[in-house]
1. So for the pair residue B:297, residue A:104, with labels modelled 7 Å out along Cα→Cβ, what separation do we get in nm?
2. Sticking with the crude label model, points 7 Å out along Cα→Cβ, report the distance from residue B:112 to residue A:94 in nm, one decimal please.
3. With r as the distance between the Cβ atoms of residue B:82 and residue B:277 and R0 = 45 Å, compute the FRET efficiency 1/(1 + (r/R0)^6) and round to 0.05.
4. For the charge dipole of the range B:59-218, defined by +1 on Lys and Arg C-beta atoms and -1 on Asp and Glu C-beta atoms about the Cα centroid, which residue among B:206, B:151, B:105 has the Cα displaced farthest towards the positive pole?
5. Could you give P(r) for the range A:65-140, binned at 5 Å from zero, as whole percent values over all Cα-Cα pairs?
6. Assign unit charges at the C-beta atoms only (+1 for Lys and Arg, -1 for Asp and Glu), then state the dipole size of chain B relative to its Cα centre in Debye, rounded to the nearest 20.
7. Based on the Cβ-Cβ distance of residue B:195 and residue B:13, what FRET efficiency does E = 1/(1 + (r/R0)^6) give at R0 = 45 Å, to the nearest 0.05?
8. Ranked highest first by average number of other Cβ atoms within 10 Å, how do A:112-119, B:23-30, B:301-308 line up?
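Computed from the coordinates by the stated procedures, all read-outs in this text should not be read as laboratory data. A quick note: this is a predicted structure, and the numbers were derived from the prediction, not measured. We place every Cβ from the backbone using ideal geometry, glycine too, and count neighbours over all the protein chains shown.
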Amino acid sequence: MTDFASVPESPEFWGTALYIVGVFGLCALMLVLSWLLGGRSAARARNEPFESGVVSGSPEKLRLSAKFYLVAVFFVIFDVEALFLYAWAVSLREAGWMGFIEAFIFISILGASLVYLVRVGALDWSPQARKARRQREEKQT
Amino acid sequence: MSAFVDWLSSPVVLAAIWAMVKAVIILLGLVLSAAWMIWLERRLLALWQDRYGPNRIGPFGLGQVIADMIKIFFKEDWTPPFVDKATFILAPLIAMSMMMLGFLFVPITPTWGVSSADLGMLFFFAIGGLAVYAVMLGGWASNSKYSLLGGLRSTAQTISYEVFMGLSLMGVVMQAGTFNLREIVEYQQQNVWFIVPQFIGFCVWSLAAVAVTHRTPFDLPEAESELAAGYHTEYSGMKFGMFFVGEYVGIVMVSGLTVALFFGGWEGPFWTEKIPFVWFAIKCLFFMSSFILLRAALPRPRYDHMMSAAWKVCLPLSLINLLVTGAIVLWNHGA
């Protein structure tokens, strides 16, 4: 009996644990079952990456548009700031008006940086849009 | 032997066993409802397009799902030689398991629901973040150009919408004062459903939810007109099936969360004590069908429009909603 004394007694703990085990077990079972049951076949041109019937031109990895890195960086910046707001949201009543003013300043900075990003065109997706913006600015000056 | 029987029949152990049985039932219910959602989607789409849809196997074609499942299990489990094997197998596993784990904290009825821990909502955000890895790894590991482009698009889209997905729900958290989903539901039953005071939050959240589950109109990662099948181009057999089922589990999960967060969970206009599950199921079914209606009704937006909608409209909107809600809650609290 002593072995079980250190184990959490909350029934919810056991339900949660079994649920998590069940989720991964079910996924693993599906993978293994289809691996066991599935057929095998071979053909001449099947072991090539799909490119709509065209023979793959360059086997090396694609070079990625820098745009995606930019989005990832924005995500890190804004999501980390959002985390602070989660903490504020749940403790709103304890923080009171003082906390509200602080959060207001914080959100203003967040909003200002967002406006800045929009103004410099960091959130314009297509190169055309960036080009058009530059041309407009040149015309103005 | 009798000591073991005594231990087994002690109330603590019985409660634990009952909780485990409930967890298994919820898990199976989730997977089965996700599987039959494929049938529901095909039938509803057919209905709205003046077709019949699958109606051959079993009553109303309900057996179609079983037939498809048997068929997909016997498909070749093909791992192409040009892929990165470990991540290629890991990706569908993440896709499906993360969506299923998201259901962990959804309160179904007063007594049903796997867990009601205080971190419910935060856990959901974490799961949403981890689910990005499925498409990212799937696209990258496939070593195919369509897959990589689809995976990249999908990653950028999902993380863009995740930024304000959390923020859009913070109005709810402010009013209820907790991350615990069960307490949020109970708060709504004492006051008013959050759809009324948090309407803006609901609008932003539903956009984010559709984007995070990669459903039309936000299914650009798999836009077949330009990317073949996106990140799962190289997937076939059950691995493809797991991406597919994961998507439907995601719809069920998000519908359950929407019901819990904005529509009072199991509360109904009458008989709330008697048939709480029926109310929960009806509301869930309504949102699941709305996902399908969205697919039937709306065309796909352009990718750059979608990204700028996320950053330039939804993010500021949810920040403003947050501030206004905070001010109102504090005003009422102080008075």
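1. With each label point 7 Å from Cα toward Cβ, the separation is 3.9 nm.
2. 3.5 nm
3. Numbers: r = 48 Å, r/R0 = 1.07.
Efficiency for this residue pair is about 0.40.
4. Farthest along the dipole direction, towards plus: B:151.
5. 3, 13, 18, 18, 14, 11, 9, 6, 5, 2, 0
6. 520 debye
7. Efficiency, from the Cβ-Cβ distance: 0.60.
8. Values: A:112-119: 13.6, B:23-30: 18.0, B:301-308: 15.9.
Going from most to least packed, we get B:23-30, B:301-308, A:112-119.
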